[in-house]
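The values are calculated or read from the model by the stated rules, or taken from the named source; none is laboratory data. Keep in mind it's a predicted model, so treat the numbers as computed, not measured. Cβ placement follows ideal geometry from the backbone for every residue including glycine, while neighbour counts extend to all protein chains displayed.
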Amino acid sequence: MPHSNKSDETISIIYNKKNDSPKYFEITKSKILFFVVGLPTITLIALVLGAVGLVHTSPFHLIDNYRQNSMAREAVAKSNALNAQVLKSEEEKLALQKKLTEAEEQLKVVQPKTTVTSATANHEPSGANEKCPSTQVCPAPVSGLSSSNVNSIGLSTLSFFRPIQGQKDRTRPATLSLSGFKIISNRDTTNLQFNIIPAAVGEEKLSGHIIVIMKNELAIQVYPLTALNVPGTQINYASGEPFATQRFRPVDASFLKPKKSGIYTFTVYIFAKNGDLMHFQSVLMPVKL
């Protein structure tokens, strides 16, 4: 039976067993506390530390860390690519602004000649006003076209294009018309869609090259994009989209999506295979981002 001795902080235990002599034990309180409290506490702490280490070194944790690192690397790569695209866009913008400035300077040189011609026409007798000047072909009416959308200045509008020796203005009488203008906004591009319709269906097949210019007060773009990938600052008519039609020809002119919504001017130039100007038309279209 247990016996407590307060003087030496020990516990005496007498152990009796059948057919055996009694045995006497003395155990200090510190040893009892170590076995009763200390060992379970140490065991519990070891189990917790082992579980934490297992969680941090488990395959699932390693896979999650690898996935997070991969996502971080991918985000950095995308950010670098976007920065490169922004720099490239700025360079293209500066190049286009330079070309636009040069084209405007060339247009200023052409405009005085046009003004002189108009002033001379205004001083002609009334009978002469009923006819076109001898240097131009009388315009023929084209059905389905709005006079507010159609320009008829002829070759004087070609300041953007490289000059061609012997080039002729074949816009009058009209050999074709454009219809069905609409804007399609995609993720990265803005597309101008329209149709080319010969003025007289069933006659000789029309063929040549199509170039479309999109501009506003901030920037200018040309379709096809490869039309500007030539030496010099002016466009070669032969770099336009080739076409041939006898009845109907849809066109889908794609431009890089602009950074600003608004009203844009789209000018369509259609050249014959030898470089003669067959048709041009400007339309104002709303562009939304």
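General remarks:
- Pick from the stretch 227-252, criterion touching a residue at least 40 places away in the same chain (Cβ under 8 Å) and aliphatic (A, V, I, L, M), ranking: farthest from PRO173 (Cα to Cα): LEU228
- Residue match in the stretch 64-82 (condition: among the polar types (S, T, N, Q) and under 25 Å from LEU256 (Cα atoms)): yes
- Every residue from the stretch 253-276 that is without any contact (Cβ under 8 Å) to a residue 40 or more places away in the chain and more than 22 Å from LYS93 (Cα to Cα): ASN274
- Of the residues ASN83, ASN16, the single one that is modelled with pLDDT of 75 or more and loosely packed, with under 10 Cβ neighbours inside 10 Å is ASN16.
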